[in-house]
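Below is one structure, written out as structure tokens; the observations come after it.
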Amino acid sequence: MKKTLVLAAVACAALVASCTTKNGSISMGDKSQLDSLSYAFGTELGFTLTRVLGDIPFDIDQMMKGMKDGAMEKSRMTPEEARELVGNYFRNDRQPRAEEIAKKQALLPDSLRAEAGETDRSSMFKDEQERRDISYGFGVDLGDNMLKSDYPIQLYWYDTAVRDVFAEKGQMDQVGARRYLLRYMQVIVPEQNRKECEEWLQSIEKQPGVQKTESGLLYRIDEPGDESVKAGDLRDVVEVHYTGWNHKGRAFDSSRFEFKPAEVQEMMKQMDPEGYAKDEPVKFALNRVISGWGEGLMLVGKGGKITLWIPSDLAYGPRGLIGNTYIRGNEALKFEVELLDVEPYVEEQVEE
């Protein structure tokens, strides 16, 4: 419950980036009305590109096309192919080429370095086709991450903001964009979630077989298991298989490979090409996890199965889980858990 970051320098901007897709609220938008949220996301990305990746002369037109195609799920390469292409460039090509350019620059008189800089910078790509391909793949990865983030992004204003930063005529500076995004993440999204999750839990409570504890935890015993072997202390250690979803039905974590997020599956495949698809149960003490888990796992016996619907105050609260786009502030969660084993806590004996 706790990606290979191919593009770590832009991960924040990428993750937080009406024709609606099946996985998000991405729309094309138009110039008739400024969408400040999309413009702020695009501004943050634009400054990241110019300041962190400024040595790379991306083809902005191809990048923005890739971004739109990726977000609308119609790109000429899959997100996995895009990440492999761009990841290979960043791992194997960027640094050696940058070092070669630096060597050439060091041999020039100071008066000629600035003039030669742009020409030398083009050597970051072996040819124009590679520049176009890398730029497009970079954009596809951005668009795919934008789609997964499930934020209401208008592509017109995201694109406009990136181009405005490069043209040095943006309607927001980086500080202003970050302030806007911070307020959106910390105030607006949690309040939206609070209302949605309250309604969601109210609907769950009415379903057959669902019970509610005094704390507000909702649960359903799917299989009771051996009721003579139950956790009775938060210090007890349990072994489980589980899958967790947010209130919109997005799986964010699982001990079973088929339910893990796509980016996690991809990372596991890269790390272990032969054994990546294994289902591996996890063990932990009940006092080491969110309180809704601690309470819920005491309600079922060894070998049993339980479904938990956990209110935010028994999960990750108003801040959510930092770095996880699926667990935002005030997010209620659903878990399906199979309790494989229980190891009762044993007090240490103190010798007198």
- Quote the convex hull volume per residue of region 201-343, based on C-alpha atoms, as a whole number of Å³. 116 Å³
- Dimensionless Rg/Rh of the chain, both radii on Cα and Rh by Kirkwood, sits at 1.07
- With no solvent and one point per C-alpha, what does the Debye sum give as log10 I(q)/I(0) for region 113-235 at q = 0.11 Å⁻¹? -0.74
- Item | HN-Hα J in Hz across region 319-327 - Karplus 6.51, -1.76, 1.60, θ = phi - 60°, x for Gly and Pro | 8, x, 10, 4, x, 10, 6, 8, 10
- Likely footprinting exposure, THR325, THR160, THR78, fewest C-beta neighbours within 10 Å first: THR78, THR325, THR160
- Item | Order of PHE259, PHE125 under a 10 Å beta carbon neighbour criterion, fewest first | PHE259, PHE125
- Residues in region 310-352 reached by a label modelled at LYS278 [backbone nitrogen below 19 Å; 7 Å Cα→Cβ]: 340-341
- Task: Could you calculate the contour length gain from ARG319 to SER122, that is, 0.36 nm times the residue separation minus the distance between their Cα atoms, to one decimal place in nm?
- Result: 66.6 nm
- Message: To make sure I understand the rule: partners must be aspartates and glutamates, Cα under 15 Å from the Cα of LYS230, and not fewer than 8 residues away in the same chain. Which ones qualify?
- Response: GLU239, GLU295, GLU338, ASP341, GLU343
- Farthest positive-ward along the chain dipole, Cα basis, beta-carbon charges - from VAL189, GLY296, ALA167: ALA167
- Using a Förster distance of 30 Å, how high is the FRET efficiency between GLU258 and ASP341, based on the Cβ-Cβ distance and rounded to 0.05? 0.85
- Residue by residue, what Karplus-based ³J(HN,Hα) values in Hz, rounded to whole numbers, does region 40-57 have, using 6.51, -1.76 and 1.60 with θ = phi - 60° and x for Gly and Pro? 5, 4, x, 5, 4, 5, x, 5, 4, 5, 6, 9, 9, 10, x, 6, 9, x
- Which three semi-axes in whole Å describe the equivalent ellipsoid of region 175-265, each the square root of 5 times a Cα gyration tensor eigenvalue, listed largest first? 32, 20, 15
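Taken together, the values in this text are just the output of simple stated rules run on the coordinates, not laboratory data. Predicted model, so just to flag it, every value in this text is computed and none were measured. With ideal geometry, Cβ positions are generated from the backbone for all residues, glycine too; neighbour counts draw on all protein chains shown.
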